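S.K.: Below is the structure I would like to discuss, written out as structure tokens.
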Amino acid sequence: MLEITHVCKKYTDGSSHHEVLSDISLTVREGDFLVILGQSGCGKTTLLRLMGGFLKPDSGNILLEGKPVEKPSGQMVMVFQSFDQLFPWFTLEKNITYALKKAKIGKNTSDRQTAAFHYLSMAGLSDFKDSYPHTLSGGMKQRGALARALALNPRLLLMDEPFSSLDYLTRTQLQASLKKLALKNHSTVILVTHDIEEALTLGTRIAILSRSSHRISHFYDNLKQHSHLKEELEEALR
């Protein structure tokens, strides 16, 4: 579905060059929940932004179903770490119906309202459909942003540490919601995180991005076959 081949990215600061990603190659299959796991500063967010077309690689190729990813598109939706991803002047329902209208999804307002209610219900927010974002907790805002992203039915959902600023209880609740929503929606998801427990909870495949080499240092497929995977991941991150 998504093919990344020999991608490199550097940032320039005056006369100096800082290598962020070096020779990254990955394949994402339909229905994957791929977790890119790495320490802070390893280039996880940069890689995600390259996948989404928000940045361009210095070299290498990124293909979505055989076509080059050159800019953001409706086929991919990105969910960020910030709580403030919803339009503050719209209710939760209107946030979703507006996004659907802009994406030309749904025949009419009634269709879009039905879809909004469906995804808000999946996220446990149907009772808050008429609420404005400023009246909601951080966790509820994140669930609202997730419901909006899934309602757009993207080919690929990109997630940039969306739960890292939440307290433990809210984080675990949202992780469970995400896993449930992704399964129900048959979504293909790429999530970046530094949290091993989160990677093990959500991932069907795990890639380790090394801060020292700026490359994928380890890749874990068929996770159930690894009897000591947590210990292996801890060692790989050192």
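The values are calculated or read from the model by the stated rules, or taken from the named source; none is laboratory data. In this text, all values refer to a predicted model and were calculated from it rather than measured experimentally. Here Cβ is always computed from backbone atoms with ideal geometry, including for glycine, and neighbour counts include all displayed protein chains. Quick note on the areas: whole protein, heavy atoms, side chains included, nothing else; ligands and nucleic acids left out. Shrake-Rupley method; radii C 1.70, N 1.55, O 1.52, S 1.80 Å.
S.K.: Can you name the condition, by its number, that F128 falls short on among (1) aromatic (F, W, Y); (2) over 27 Å from G43 (Cβ atoms); (3) in contact (Cβ under 8 Å) with a residue 60 or more places away in the chain?
M.R.: Condition (3) is where F128 drops out.
S.K.: Would you pick out the residues in the stretch 147-190 that are of a type in the set (D, E) and either farther than 25 Å from K94 by Cβ or modelled with pLDDT under 80 (or both)? Walk me through it before giving the result.
M.R.: Filtering the stretch 147-190 for residues of a type in the set (D, E) gives 160-161, 167.
The answer is E161, D167.
S.K.: Assess whether A115 counts as being touching a residue at least 60 places away in the same chain (Cβ under 8 Å), part of a helix (DSSP H, G or I) and crowded, with 17+ Cβ neighbours inside 10 Å.
M.R.: On the way: touching a residue at least 60 places away in the same chain (Cβ under 8 Å): no; part of a helix (DSSP H, G or I): yes; crowded, with 17+ Cβ neighbours inside 10 Å: yes.
Answer is no for this residue.
S.K.: Sort out which residues of the stretch 67-95 are under 21 Å from E30 (Cα atoms) and either β-branched (V, I, T) or touching a residue at least 40 places away in the same chain (Cβ under 8 Å) (or both), and write them in order of number.
M.R.: V69, G74, Q75, M76, V77, M78, V79
S.K.: Mind listing whichever residues of the stretch 1-36 are free of Cβ contacts under 8 Å to residues at least 12 places away in the same chain and under 15 Å from H214 (Cα atoms)?
M.R.: To start, the set of residues in the stretch 1-36 that are free of Cβ contacts under 8 Å to residues at least 12 places away in the same chain comprises 11-18.
Listed by number, the residues that qualify are Y11, H17, H18.
Per-residue answers, yes or no, for (1) among the hydrophobic types (A, V, I, L, M, F, W, C); (2) touching a His at 6+ places or on another chain (Cβ under 8 Å):
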position: G31; (1), (2): no, yes
position: M51; (1), (2): yes, no
position: N61; (1), (2): no, yes
position: Y98; (1), (2): no, no
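S.K.: Same structure again: Filter the stretch 64-84 down to the residues that are at pLDDT 85 or above and assigned to a loop (DSSP other than H, G, I, E, B), then identify the one that is farthest from K129 (Cα to Cα). Give the steps one after another, and end with the answer.
M.R.: Let us first name the residues in the stretch 64-84 that are at pLDDT 85 or above, namely 64-72, 76-78.
Add one more test, that the residue is assigned to a loop (DSSP other than H, G, I, E, B), and what stays is 65-66, 69-72.
On the way: E65: 35, G66: 38, V69: 34, E70: 35, K71: 32, P72: 28 Å.
Top of the filtered list is G66.
S.K.: Looking only at the stretch 175-189, count how many residues are closer than 14 Å to L34 by Cβ and crowded, with 19+ Cβ neighbours inside 10 Å. So that I can check it myself, show each step before the final result.
M.R.: Kept after step one, since they are closer than 14 Å to L34 by Cβ, are these residues of the stretch 175-189: 178-179, 182, 187-189.
Narrowing further to those that are crowded, with 19+ Cβ neighbours inside 10 Å: 178, 182, 187-189.
The number of residues fulfilling the criteria is 5.
S.K.: Can you tell me which residue within the stretch 1-19, out of those that are open to solvent by 10 Å² or more (accessible area, probe 1.4 Å) and under 21 Å from the mean Cα position of the chain (by Cα), is nearest to A182 (Cα to Cα)?
M.R.: Applying the first criterion (open to solvent by 10 Å² or more (accessible area, probe 1.4 Å)) to the stretch 1-19 yields 1, 3, 5-6, 8-19.
Narrowing further to those that are under 21 Å from the mean Cα position of the chain (by Cα): 1, 3, 5, 8-9.
Details: M1: 17, E3: 21, T5: 26, C8: 30, K9: 30 Å.
Only one residue fits best here, namely M1.
S.K.: Quick check, is L202 closer than 25 Å to L157 by Cβ, surrounded by 20 or more Cβ atoms within 10 Å (Cβ to Cβ) and touching a Gly at 6+ places or on another chain (Cβ under 9 Å)?
M.R.: Spelling it out, it is not the case that L202 is closer than 25 Å to L157 by Cβ, surrounded by 20 or more Cβ atoms within 10 Å (Cβ to Cβ) and touching a Gly at 6+ places or on another chain (Cβ under 9 Å).
S.K.: Any chance the stretch 80-94 includes a residue that's out of contact with any Lys or Arg (no Cβ under 6 Å at 6 or more places or on another chain), buried (at least 21 other Cβ atoms within 10 Å of the Cβ) and closer than 17 Å to V192 by Cα?
M.R.: Checking the stretch 80-94: not a single residue is out of contact with any Lys or Arg (no Cβ under 6 Å at 6 or more places or on another chain), buried (at least 21 other Cβ atoms within 10 Å of the Cβ) and closer than 17 Å to V192 by Cα.
S.K.: Among T193, T201, T188, which is the only one that is within 26 Å of L120 (Cβ to Cβ) and either of a type in the set (F, W, Y) or free of Cβ contacts under 8 Å to residues at least 40 places away in the same chain (or both)? Lay out the reasoning, then the answer.
M.R.: Details: T193 fails: either of a type in the set (F, W, Y) or free of Cβ contacts under 8 Å to residues at least 40 places away in the same chain (or both); T188 fails: either of a type in the set (F, W, Y) or free of Cβ contacts under 8 Å to residues at least 40 places away in the same chain (or both).
So the residue among T193, T201, T188 that is within 26 Å of L120 (Cβ to Cβ) and either of a type in the set (F, W, Y) or free of Cβ contacts under 8 Å to residues at least 40 places away in the same chain (or both) is T201.
S.K.: Now for a separate question. Given the criteria assigned to a loop (DSSP other than H, G, I, E, B), touching a residue at least 12 places away in the same chain (Cβ under 8 Å) and closer than 15 Å to R215 by Cα, does Q39 qualify? Steps first, please.
M.R.: Working: assigned to a loop (DSSP other than H, G, I, E, B): yes; touching a residue at least 12 places away in the same chain (Cβ under 8 Å): yes; closer than 15 Å to R215 by Cα: yes.
The answer is yes for Q39.
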